[in-house]
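Worksheet: one structure, shown below.
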Amino acid sequence: METSNPLAVVTGASSGIGYELAKQFAEHGFDLIIAAEDEALASAAAQLTAHGTGVQAVRTDLSTRDGVEELHRAVVATRRPVAAVALNAGVGQGGAFLHTDLSDELQIIDLNVTSTVHLAKRLLPGMVEDGAGRMLITSSIASTMPGPFQAVYNASKSFLQSFAQALQNELKDTGVTVTSLMPGPTETQFFERADMLDTKVGRSDKDDPAQVAAQGFEAMMAGKDKAVAGSWKTRAQGLANRVLPDSVKAQAHRGMAEPGSGADG
């Protein structure tokens with residue numbers, strides 16, 4: 001990948017919003033390092049190369065310290081400045097907290113929270129030294145509300161939202177910007193993997209990941225603080241959540257995420 005193109009790093013890029021973000025970068029002339037743990041990453045890389053830019057796939061488990069370091073080594077090995085980073089890898093788990101497996105909850109924290117902090121710590125110093133760069137952190141509209149039956153997932157996204165906003169302030173005079181991407185329910189494999197297909201939200205109409213990614217990419221390149229991305233319904237929810245009491249938001253979330261709530265949907 002010895003080209004004059006800028007270099008972007010995208011995690012969780014094998015499908016869904018992550019793949020669509022990688023596609024946005026490729027369409028705008030970026031070379032890519034993409035990462036995910038599943039075998040679909042190879043297919044994603046092959047599709048992305050059709051846009052005429054360089055693509056390097058790093059198949060690794062970012063929920064582990066070694067996996068994050070493996071990705072970082074791949075970035076360092078290019079000896080190229082990182083122009084943009086999309087920290088998008090994430091996982092969820094539905095169900096009552098008392099009945100879910102602890103290992104599933106800890107994986108949410110390890111992937112959503114720990115790997116994001118770890119990669120930001122590795123990549124931001126070089127970007128700041130270069131005096132330029134864009135970072136996108138995939139938070140969620142879920143970050144704005146307590147999440148009954150997704151308690152740890154929503155909390156992880158609240159962490160990411162706060163983390164992104166803190167970095168925005170710390171880096172405001174460096175030439176590096178940090179944007180929080182806040183999608184609502186999106187048509188990806190998330191709900192199947194989170195065992196939420198029997199919920200109201202799991203069975204509802206969802207936003208297009210390509211639309212979410214395009215809006216997120218545009219906001220990131222413009223250096224905006226955040227992008228509530230997706231349909232008008234998602235953006236309206238983002239506005240409403242600014243003023244609604246947490247107790248009201250928690251009850252509404254319960255109605256959408258409680259197991260079996262989609263039985264009549």
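The values are calculated or read from the model by the stated rules, or taken from the named source; none is laboratory data. For clarity, every value in this text was computed on a predicted model and none was experimentally measured. Cβ atoms come from the backbone with ideal geometry, glycine included; neighbour counts cover every protein chain shown. For the accessible areas, the whole protein counts, side chains as well, though only heavy atoms, and no ligand, DNA or RNA atoms are used. Shrake-Rupley method; radii C 1.70, N 1.55, O 1.52, S 1.80 Å.
The calculated FRET efficiency for the pair Glu69 and Leu197, based on their C-beta separation and a Förster distance of 35 Å, comes to about 0.50. Per-residue SASA remark: Met182, around 10 Å² accessible (1.4 Å probe; ligands, DNA and RNA not included). Taking 24 Å as the straight-line reach from the Cα of Lys121, the lysines in range (excluding those fewer than 8 positions away in the same chain) are Lys157, Lys172, Lys224, Lys226. Sorting Phe97, Phe25, Phe159, Phe190 by solvent-accessible area of protein heavy atoms yields Phe97, Phe159, Phe190, Phe25, largest first, with a 1.4 Å probe.
The residues of the chain present an accessible area of 47 Å² per residue when probed at 1.4 Å with all protein chains retained.
Suppose accessible area is computed on protein heavy atoms with a 1.4 Å probe; arrange His118, His28 from highest to lowest.
Working: His118 25, His28 105 Å².
Sorted descending by solvent-accessible area, the residues read His28, His118.
Helix 65-77 sits at what angle to the longest principal axis of the chain, using alpha carbons and giving 0 to 90 degrees rounded to 10? Approximately 30 degrees, to the nearest 10. Simple spin-label estimate for Ala210 and Ala96 gives 4.2 nm between the two label positions (7 Å along the Cα-to-Cβ direction from each Cα).
For the range 225-265, the set of trypsin sites (Lys or Arg not before Pro) satisfying both a DSSP loop assignment and a count of at most 13 other C-beta atoms within 10 Å is given as Arg242. Between Ala40 and Ala222, full extension at 0.36 nm per residue minus the direct alpha carbon distance yields a gain of 62.5 nm. Under a model in which nothing but the beta-carbon of Lys, Arg (+1) and Asp, Glu (-1) is charged, the chain shows a dipole of about 740 debye around its Cα centre. Relative contact order of the chain, taken over Cα pairs closer than 8 Å and 6 or more residues apart, is 19 percent. Each of Ser162, Ser115 has its accessible area taken with a 1.4 Å probe; listed largest first, they run Ser162, Ser115.
Shape analysis of the range 154-239 yields a ratio of the Cα radius of gyration to the Kirkwood radius, Rg/Rh, of 1.02. In the chain, the portion of solvent-accessible area held by carbon and sulfur atoms comes to 51 percent [1.4 Å probe, whole percent, DNA, RNA and ligands not counted].
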